[in-house]
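Below is one structure, written out as structure tokens; the observations come after it.
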Amino acid sequence: SVVEFIINQMAEEIAIFIEGELLKGTGTNAAQGAVNTTNTLTAASTTAITADELISLQAKVKQAYQTNACWTMNTATFTAIRKLKDSDGRSLLQNDISAEFPYRLLGKPVYLSDNMPAPAASAKTVLYGDYSGLSVNFRENISIEVLREKYATQHALGINAWFEFDSRVTDSQKLAVLIQKSA
């Protein structure tokens with residue numbers, strides 16, 4: 001039905017919005033994204049990323065927090081990294097068809113998000129670490145309501161969604177972000 005379609009579409013949009021807020025955030029009094037960790041590495045280029053920079057970024061997260069670590073990046077960043085080769089011509093990014101997410105970088109899973117910025121001057125392009133370093137507080141569950149009475153005289157329905165949350169990096173030792181060189 002149309003109502004189910006609209007509710008599903010709203011749920012997808014809410015998920016994309018929450019992901020964006022948890023990754024990038026919107027400021028100091030609202031959700032602060034994981035990329036706002038103080039544990040950073042600045043790339044030598046405004047748009048390119050090197051294998052050495054990825055190795056250094058991974059090393060910024062202490063060994064104790066490596067077990068659950070992963071990478072998150074934009075598709076454009078992923079494509080650039082996928083082209084990186086080691087000295088023997090092997091791709092730095094490895095296929096892992098047995099895993100839920102089919103790529104691994106330096107032994108850790110890679111997640112793609114359109115909410116992460118593409119490589120550009122001063123952009124925070126690659127997030128790495130154990131995301132339990134980001135604390136999230138949902139004040140109440142997400143609710144979606146179908147409003148029938150309010151719009152009955154217009155022979156229409158209204159659909160309302162409500163949620164409230166915030167987030168903050170509470171352990172920067174668990175997260176590291178690659179920032180492209182400023183212009």
remark   = Per the filter on the stretch 136-170, residues surrounded by 11 or more Cβ atoms within 10 Å (Cβ to Cβ) and closer than 20 Å to Asn36 by Cα are Val136, Phe138, Phe165, Asp166, Ser167, Arg168, Val169, Thr170
message = What are the pairs with Cβ atoms under 7 angstrom where one residue, in the stretch 149-173, is of a type in the set (Lys, Arg) and the other, located anywhere, is open to solvent by less than 100 Å² (accessible area, probe 1.4 Å)? Sequence gap at least six, or different chains.
response = Lys150/Gly158; Arg168/Gln32; Arg168/Ser135
note = Lys108 meets each of (1) under 24 Å from Leu22 (Cα atoms); (2) modelled with pLDDT of 95 or more; (3) open to solvent by less than 60 Å² (accessible area, probe 1.4 Å) with one exception, condition (2)
All positions within the stretch 10-60 that are crowded, with 20+ Cβ neighbours inside 10 Å, more than 15 Å from Met73 (Cα to Cα) and not small (Gly, Ala, Ser) = Gln32, Thr37
ask   = Quick check: anything in the stretch 64-74 more than 20 Å from the chain's Cα centre (by Cα), surrounded by 13 or more Cβ atoms within 10 Å (Cβ to Cβ) and not basic (Lys, Arg)?
value = no
inquiry  = Kindly evaluate Lys174 against the criterion of being buried (at least 19 other Cβ atoms within 10 Å of the Cβ), within 20 Å of Ile16 (Cα to Cα) and either among the hydrophobic types (A, V, I, L, M, F, W, C) or modelled with pLDDT of 95 or more (or both).
reply    = no
request  = Could you tell me which of the residues Ser122, Ser113 is out of contact with any Cys (no Cβ under 8 Å at 6 or more places or on another chain), within 23 Å of Lys60 (Cα to Cα) and crowded, with 17+ Cβ neighbours inside 10 Å?
outcome  = Ser113
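Residues in the stretch 9-30: is at least one in contact (Cβ under 8 Å) with a residue 24 or more places away in the chain and at positive phi?
Filtering the stretch 9-30 down to residues in contact (Cβ under 8 Å) with a residue 24 or more places away in the chain leaves 10-11, 14, 16, 18-25, 30.
Among the residues that remain, those that are also at positive phi are: 25.
Yes, there is a match, as at least one residue in the stretch 9-30 is in contact (Cβ under 8 Å) with a residue 24 or more places away in the chain and at positive phi.
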ask   = Lys150 is checked against (1) of a type in the set (Lys, Arg); (2) closer than 19 Å to Ile16 by Cα; (3) more than 16 Å from the chain's Cα centre (by Cα) and fails just one. What number does that condition carry?
value = (2)
query = Among (1) assigned to a strand (DSSP E or B); (2) modelled with pLDDT under 95, which single condition is Glu13 missing?
reply = (1)
message = Checking Val177 against (1) assigned to a strand (DSSP E or B); (2) free of Cβ contacts under 8 Å to residues at least 24 places away in the same chain: exactly one of these is not met. Which one?
response = (2)
inquiry  = Against the definition (within 15 Å of Thr125 (Cα to Cα), more than 20 Å from the chain's Cα centre (by Cα) and not in a helix (DSSP H, G or I)), how does Ser45 come out, yes or no?
reply    = yes
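The values are calculated or read from the model by the stated rules, or taken from the named source; none is laboratory data. Bear in mind the structure is a predicted one, so any value in this text is a computation, not a measurement. Positions of Cβ are generated from backbone atoms using ideal geometry, with glycine treated the same way; all protein chains shown enter the neighbour counts. For accessibility, only protein heavy atoms count, side chains too; no ligands or nucleic acids. Shrake-Rupley method; radii C 1.70, N 1.55, O 1.52, S 1.80 Å.
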